[in-house]
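Scroll down for the structure; my scribbles are underneath it.
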Amino acid sequence: MNNPIYLDYAASTPVAPEVADLMRQHLTLDGTFGNPASRSHVYGWQAEEAVEAARVQVAEVINADPREIIWTSGATESNNLAIKGLLGRAERTGRRHIITSSIEHKAVLDCAAYLQTLNFEVTYLPPDEVGRMPLDRLREAIRADTLLVSLMQVNNELGVINDIDAIADLCREAGVLSHTDAAQGFGKMKIDVKASGVDLMSISGHKIYGPKGVGALFVRRAEGLKLDPLIHGGGHELGMRSGTLPTHQLVGLGAASQMMADELSLEWPRIEALRQRFEGHLRQIPGCHVHSADRDRLPHIINVGFDGVQGETLMLALNSLALSSGSACNSAAVEPSHVLLGIGLPRALADASLRFSFGRFTDEDQIDQAAAVLSHTISQLRR
């Protein structure tokens, strides 16, 4: 039996072979296996050197100071640290109002809901009809007691790109901290934190052909910003994230980050061409709707709905394709995507929508095969 065609790169990517090879060099006795915090022998010194080299690689991708990169276990932890880590600041300043959008990743929405149990007030702003946050809407929501605005850079289900630079500028003018979940955009589009002014940015390893279980949080030093740790014990990462650092994973994240930066100028147009090819096939299917097609999108993600089919039935029938009906974190949910409902799609269309996401190993043959399978399956289900 052949493996399904993998079109779920927004959920996770395979570790790049060159990244895996480098990681193996930091696992065993004949490699750099020591504890990076061990300062009394060469094994620790070598591990620390490898970790700090990876920190530089991640920082360079977003034009940050390496000291602004805090290691975490992934974007979910980074989001938690960025939001919950401001509890102390809220107590000191009396600011207990948070702004986010109704279509954020659950890692942000659940953090916001948690803060509501601590008597924070959260404003969940609706996006426009394609999933972007209008600046005027955000400006009107900011109050004197607003502590933080958290809006994702690239929506993980639609691929729609928020203008994070403009959002950060607006927040800075109002004296409000800004955070963005950049799990989908990091490594796939140009990011310059010095130019944007964003205060906090979440990064994931497994979205860019690095290992799972590792990520980072950019924390701007210029503002003297210090977060309260979620994990105590050892005072690692400037006191913001304790725990023995996994050298091999961090080396993998650093190498993957550099690889993505090196390939960006070629990979973006290649993926863009694949998406256009796929959309050309989709236009031949009656009753097909490409969501958010009229705005700037990351070319890696396309979300499509189909008239006259039931979503769960469609997913089960497409067993030769590996894709999703939304975020991987919600892939087992029976309910339609909160993102698609949040941009105003009818429930039936939201339920019959699929997310296709392309990556480094996607090629034209896979695109053509996937489109043919999709067209045939929908035709059969509509009979």
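List of remarks:
- Residues (surrounded by fewer than 16 Cβ atoms within 10 Å (Cβ to Cβ) and more than 16 Å from Leu87 (Cα to Cα)) located in segment 225-242: Gly233, Gly234, Gly235, Leu238, Ser242
- Selected residue (criterion: surrounded by the fewest Cβ atoms within 10 Å (Cβ to Cβ)) from residues of segment 110-128 that are part of a helix (DSSP H, G or I) and out of contact with any helix residue (DSSP H, G or I) (no Cβ under 8 Å at 6 or more places or on another chain): Gln116
- Residues of segment 333-376 satisfying the condition of being in contact with a helix residue (DSSP H, G or I) (Cβ under 6 Å, 6 or more places away or on another chain), surrounded by fewer than 20 Cβ atoms within 10 Å (Cβ to Cβ) and not hydrophobic (A, V, I, L, M, F, W, C): none
- Per the conditions (1) modelled with pLDDT of 95 or more; (2) under 26 Å from Gln116 (Cα atoms); (3) surrounded by fewer than 24 Cβ atoms within 10 Å (Cβ to Cβ), the sole criterion not satisfied by Ala166 is (2).
- Unique residue being in a loop (DSSP other than H, G, I, E, B) and either touching a residue at least 40 places away in the same chain (Cβ under 8 Å) or under 30 Å from Asp128 (Cβ atoms) (or both) when the list is Leu253, Leu245, Leu264: Leu245
- Test: residue in segment 87-97 that is crowded, with 22+ Cβ neighbours inside 10 Å and out of contact with any helix residue (DSSP H, G or I) (no Cβ under 6 Å at 6 or more places or on another chain): no
- Considering (1) under 24 Å from Ala182 (Cα atoms); (2) of a type outside the set (A, V, I, L, M); (3) in contact (Cβ under 8 Å) with a residue 24 or more places away in the chain, the lone condition that Pro36 does not fulfil carries the number (1).
The values are calculated or read from the model by the stated rules, or taken from the named source; none is laboratory data. Note that the structure is predicted; figures quoted are calculated from it, not measured. All Cβ positions, even for glycine, are placed from backbone atoms using ideal geometry, and neighbour counts span all protein chains on display.
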